[in-house]
Amino acid sequence: MDMMKRVPISEQDAKVRATNFEEVCLGYTEDEAVEEAGRCLNCKNPMCVSGCPVSINIPAFIEQVKNRNFEKAYEIISESSSLPAVCGRVCPQESQCEGKCIRGVKGEAVAIGKLERFVADWAAKNNVKPQPAKEKLGKKVAVIGSGPAGLTCAGDLAKLGYDVTIFEALHEAGGVLVYGIPEFRLPKEKVVAKEVENVKALGVKIETNVIIGKSVTIDELMEEEGFEAVFIGSGAGLPRFMGIPGENANGVFSANEYLTRNNLMKAFKEYATPIHAGKKVVVVGGGNVAMDAARTALRLGAEVHIVYRRSEAELPARVEEVHHAKEEGVIFNLLTNPTEILVNEEGWVKGIRVIKMELGEPDASGRRRPVEVPGSEFEVEADTVIMSLGTSPNPLITSTTKGLEANKKKCIVAEEENGQTSKEGVFAGGDAVTGAATVILAMGAGKAAAKGIHEYLMKK
Amino acid sequence: MYQIVKSEKLNANIYLMVVKAPRVAKHCLPGQFLIVKMDEEGERIPLTICDYDREAETITIVFQPVGASTEAMTALKAGDCFMDVVGPLGNPSELVTDDLEETKKKKILFVAGGVGTAPVYPQVKWLHEHGIDADVIVGAKTKDLIILEKEMEAVAGNLYITTDDGSYGRSGMVTKVIEDLVAEGKQYDVCVSIGPMIMMKFCCLTTKKFNIPTIVSMNPIMVDGTGMCGACRLSVGDEIKFACVDGPEFDGHLVNFDEAMKRQQMYKTQEGRALLKLREGDTHHGGCGHCGGDK
């Protein structure tokens, strides 16, 4: 065995998986996991832990995997994370824990994410559940949103003995894990529903179909329903569009709409909600959400092009996602930017006009600014355009909560170390505070806020 | 689960249901909508709230089947349940949130078409309860399709009913009634028009002639209804608005109805388009992009 290299992991063949919604990565077997765990150097000063937003004791759980003590490994992860089966699949490990792994200096980093996933899946298969708190504190905390930030915050507070209720606006718990990330990357029943069940097993109650700011306000929760603290983890918000001609034509969708129809409403399973799958689809954008939309359209039978204004090096999506998308047959039109959506007489998309770009001087983000190449416009045929350009905050909660401060970008203002907002007893974290980011950063914020809420209520 | 406490067929194709939904009933105001989902595999269907009872914790919805999902809803009886009901969504009507003393100074005209009579009702009722009597025009294709006549009569100042075929009340479309009322010397400071998009479009063209500011309630396609998907976007003047969070009521003189009507057809199958043409009958003047009526 070459210790410099990872134990390879099996994946569904690219040609086969491009036509189904089954999970791409099949995960390690017990023997493979034990072998990979053997590559961990068990560093005295583990850099990987400092790279993890929720500070999982990584060497300790890997040591238990090495010893085939998988239940103990699960316990160690559960001390820090409420959603290991999710994180093992969707965290950008290459820039976090694995990015700091000493093994990675000369060879390949230990596959920490894949090992975390293995442990979580093993626990689910063997029906190992996290244990609820033995002593209850008799204090009620409300958590708004059941996405990664909310589930993490609720789980941590329940473990401390709080009486926690999550309020979810949609009909199903999970937030972006359910409506955003597709089945082939994060199975809903096998993984997300199980993780939600685990949080419930800690004693957390989940009330769906409650939209805070409309069905009930934060002030009412605190004044009338007896909640002593509130955590806002309401997520990202309204989809952005480019503002180019033709954007309201039939066949132009936000990635949020396309993915919600497919993932939450399960259009791919032929539930009642329709989806306009498209035959020739252009996805505009280069983030993880753009990759998800492109690979979804591909599976629904379309030829798919990603149009992105910078070059491959600047793609914000994870390398693994770009690699998977390419393997499956998504075509990348890089250094290209849309200028107009072409519309037929009946109001449907018939194509998209784009212009070639070149990279100029670095901009504020440190990435080289894309500049239009004069006279390089051309047309691409398409019947569907999916805009994946990020989101802007939903004003619903800030506009209905007295004394809750938002910044210029309309994101909720909250302290990074404990989630405290400008309003007493109200904490916030995740995309509602930072703007669209990652699952694990939201979880980190949920975790910090749980600690902040605990400190606040203990002093109160 | 959200139990249906009353289910009634108002006429050949309009249904009324009273549903237990405590959180919605406690907070809703005229002008807002909710979303219902029948069962596990169901669509999320946005419907305007037509009445509410805060004590009984119920809300009333009135709907007309326009596709497979709403057709399936017609089978629900009292005692059955919706799996999901969420709301209230969108903003309340400006008439109920504006300064009451200012609103009292205004002469208000409501123009309701077909199933749109139902969402007009709570607004007229709210105004009546606050000492304001508004004039109401209710239009339908024929006598049998008039709904909530008695209820509306009890809360409206003057009620003008019109049918396209002249089988009841005045004869002709709602736009003709507006013109007649103005010709009779009536003056209005504001008009609220709710009904099929095509009716709202022509109503706005008429009120524009008389410089009557007009509010319309838009009911575009939605998925989540909470500001996440952008399916319900509309052009209002130079701006793109989301009906779910910015609306559902907008300045009718600024709404791009032709675009909105095209977008409403996005998921219609040929069969569904046929159904719509059948339902809208002579009031369908094109704009859907498929019937050829606008060429």
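A few comments on the model shown:
- The number of residues in the stretch B:228-251 that are in contact with a Pro (Cβ under 8 Å, 6 or more places away or on another chain) and surrounded by fewer than 24 Cβ atoms within 10 Å (Cβ to Cβ) comes to 3.
- Hits in the stretch A:141-178 - residues which are assigned to a helix (DSSP H, G or I), surrounded by fewer than 24 Cβ atoms within 10 Å (Cβ to Cβ) and not β-branched (Val, Ile, Thr): A:LYS159
- In the set B:VAL115, B:VAL85, B:VAL66, only one residue is touching a residue at least 40 places away in the same chain (Cβ under 8 Å), within 14 Å of another protein chain (Cβ to nearest Cβ) and closer than 20 Å to B:ALA140 by Cα; that residue is B:VAL66.
- Taking the criterion of being aliphatic (A, V, I, L, M), under 18 Å from B:LEU10 (Cα atoms) and either buried (at least 17 other Cβ atoms within 10 Å of the Cβ) or in contact with a helix residue (DSSP H, G or I) (Cβ under 8 Å, 6 or more places away or on another chain) (or both), the residues of the stretch B:55-106 that qualify are B:ILE59, B:ILE61, B:VAL62, B:VAL66, B:MET73, B:LEU76.
- Test for B:LEU181: is it over 19 Å from the mean Cα position of the chain (by Cα) and either aliphatic (A, V, I, L, M) or surrounded by 20 or more Cβ atoms within 10 Å (Cβ to Cβ) (or both): yes
- Among the residues making up the stretch A:207-223, those that are more than 8 Å from every other protein chain (Cβ to nearest Cβ), farther than 15 Å from A:SER146 by Cβ and either under 27 Å from the mean Cα position of the chain (by Cα) or among the basic types (Lys, Arg) (or both) are A:GLY213, A:THR217, A:ILE218.
- Condition check for A:LYS280: among the basic types (Lys, Arg), surrounded by fewer than 21 Cβ atoms within 10 Å (Cβ to Cβ) and without any contact (Cβ under 8 Å) to a residue 24 or more places away in the chain: no
- Qualifying positions in the stretch A:127-142 - in contact with a strand residue (DSSP E or B) (Cβ under 8 Å, 6 or more places away or on another chain) and at positive phi: A:GLY138
- Taking strands (runs of 3 or more DSSP E) as the structural unit, those lying wholly within the stretch B:168-245 and holding at least 2 residues that are away from every other protein chain (no Cβ under 14 Å) and farther than 21 Å from A:GLY246 by Cα correspond to B:190-194, B:214-217.
- Listed conditions (1) closer than 27 Å to A:PHE268 by Cβ; (2) touching a Leu at 6+ places or on another chain (Cβ under 9 Å) are all met by A:PHE167, apart from (1).
- Here A:GLY99 passes the criteria (1) surrounded by 21 or more Cβ atoms within 10 Å (Cβ to Cβ); (2) modelled with pLDDT of 90 or more; (3) within 19 Å of A:HIS323 (Cα to Cα) except the one numbered (1).
- Here B:LYS262 meets each of (1) surrounded by fewer than 17 Cβ atoms within 10 Å (Cβ to Cβ); (2) charged (D, E, K, R); (3) within 10 Å of chain A (Cβ to nearest Cβ) with one exception, condition (1).
- Some residue of the stretch A:230-247 being surrounded by 24 or more Cβ atoms within 10 Å (Cβ to Cβ), in contact (Cβ under 8 Å) with a residue 60 or more places away in the chain, more than 8 Å from chain B (Cβ to nearest Cβ) and farther than 27 Å from A:PHE427 by Cα: no
Quick grid of which residues meet (1) assigned to a helix (DSSP H, G or I); (2) under 23 Å from the mean Cα position of the chain (by Cα); (3) closer than 22 Å to A:GLY237 by Cβ:
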{"residue": "A:GLY403", "(1), (2), (3)": "no, no, yes"}
{"residue": "A:LYS408", "(1), (2), (3)": "no, no, yes"}
{"residue": "A:GLU415", "(1), (2), (3)": "no, yes, yes"}
{"residue": "A:PHE427", "(1), (2), (3)": "no, yes, yes"}
{"residue": "A:VAL433", "(1), (2), (3)": "yes, yes, yes"}
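- In the stretch B:233-249, the residues that are touching a residue at least 40 places away in the same chain (Cβ under 8 Å) and not charged (D, E, K, R): B:ALA243, B:CYS244, B:VAL245, B:GLY247, B:PRO248
Okay, residues lined up against (1) under 30 Å from A:ASN262 (Cα atoms); (2) under 26 Å from the mean Cα position of the chain (by Cα):
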| residue | (1), (2) |
| --- | --- |
| A:MET1 | no, no |
| A:ILE9 | yes, yes |
| A:VAL16 | yes, yes |
| A:ASP31 | no, no |
| A:GLU35 | no, no |
| A:GLY38 | no, no |
| A:VAL49 | no, yes |
| A:ILE58 | no, yes |
| A:PHE61 | no, yes |
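- Matching option when the condition is closer than 30 Å to B:THR162 by Cα and within 13 Å of chain A (Cβ to nearest Cβ), among B:ILE35, B:ILE49, B:ILE108: B:ILE49
- Boolean, B:VAL85 is over 21 Å from the mean Cα position of the chain (by Cα) and within 24 Å of B:GLN123 (Cβ to Cβ): no
- One residue from B:ALA72, B:ALA25 being of a type in the set (Gly, Ala, Ser) and at pLDDT below 95: B:ALA72
- Matching residues, the stretch A:363-409, being over 30 Å from A:ILE331 (Cβ atoms), of a type in the set (Val, Ile, Thr) and in contact with a helix residue (DSSP H, G or I) (Cβ under 6 Å, 6 or more places away or on another chain): A:THR401
- Yes/no for A:ALA414 being away from chain B (no Cβ under 12 Å), under 25 Å from B:GLY90 (Cβ atoms) and surrounded by 16 or more Cβ atoms within 10 Å (Cβ to Cβ): no
- Leading residue by the ranking (nearest to the other protein chains (Cβ to nearest Cβ)) among those in the stretch A:253-272 that are touching a Phe, Trp or Tyr at 6+ places or on another chain (Cβ under 7 Å) and part of a helix (DSSP H, G or I): A:THR260
- Only one of B:ASP99, B:ASP84 that is touching a strand residue (DSSP E or B) at 6+ places or on another chain (Cβ under 9 Å) and either modelled with pLDDT of 90 or more or of a type outside the set (Lys, Arg) (or both): B:ASP84
Residue-wise test of (1) in a helix (DSSP H, G or I); (2) touching a Ser or Thr at 6+ places or on another chain (Cβ under 6 Å); (3) not acidic (Asp, Glu).
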residue	(1), (2), (3)
A:ILE56	no, yes, yes
A:PHE61	yes, no, yes
A:GLU75	yes, no, no
A:SER78	yes, no, yes
A:SER82	no, yes, yes
A:GLY104	yes, no, yes
A:ALA109	no, no, yes
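- Selection status of A:PHE227, more than 8 Å from chain B (Cβ to nearest Cβ), at negative phi and in contact with a strand residue (DSSP E or B) (Cβ under 9 Å, 6 or more places away or on another chain): yes
- The lone exception for A:GLU379 - which of (1) over 25 Å from the mean Cα position of the chain (by Cα); (2) within 14 Å of chain B (Cβ to nearest Cβ); (3) closer than 30 Å to A:PRO338 by Cα it fails: (2)
- Pairs linking a residue in the stretch B:146-174 that is closer than 19 Å to B:THR207 by Cβ to a residue that is aliphatic (A, V, I, L, M) and part of a loop (DSSP other than H, G, I, E, B), with Cβ atoms under 6 Å and 6 or more positions apart or on different chains, are B:GLY157/B:ALA134.
The values are calculated or read from the model by the stated rules, or taken from the named source; none is laboratory data. These numbers were taken from a predicted model, which means no experiment stands behind them. Reconstructed Cβ throughout: ideal geometry from the backbone, glycine too, with neighbour counts over all protein chains shown.
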